[in-house]
């Protein structure tokens, strides 16, 4: 789970960086970026200390949801917000964050399949 933990921290750090840039145009987006970033940075610690299946599922679910929202925002545009209905361009940092999030999801799924019990090893 080292790969998932590192990828989660990378994505969380990038979300913190993005929060500041979104604050002037849409405060709610900045708050959401901050909350997602906090989750992504704290999740690896929870994974190490709690080590329960629900922690794995929570990490995969949050990261998959964030990737889905990112894809939507880059294709059709989000239905709400400052740029509602307009597709945003793909930036290097947001693409890097999405790649890290996909790495979290894939690593968690592979771990769950490999262990059968869902407990991280």
For the chain, the longest principal axis of the Cα atoms and the Cα long axis of helix 27-49 enclose an angle in degrees, to the nearest 10, of 10
In degrees, nearest 10, the alpha-carbon axis of helix 53-75 is tilted away from the dominant principal axis of the alpha carbons of the chain by 30
Helix 2-22 versus the longest principal axis of the chain: what angle, 0 to 90°, nearest 10, using Cα atoms?
20
Can you compute the modelled spin-label distance between residue 93 and residue 45, with each label point 7 Å from Cα toward Cβ, in nm?
2.3
Provide Rg and Dmax in Å for segment 58-121, with only Cα atoms included in the calculation.
14.6, 44
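Every number here is computed from the coordinates shown, using simple stated rules; none is lab data. Every value quoted in this text rests on a predicted model; they were computed, and no experiment measured them. Backbone-built Cβ (ideal geometry, glycine too); neighbour counts: all protein chains shown.
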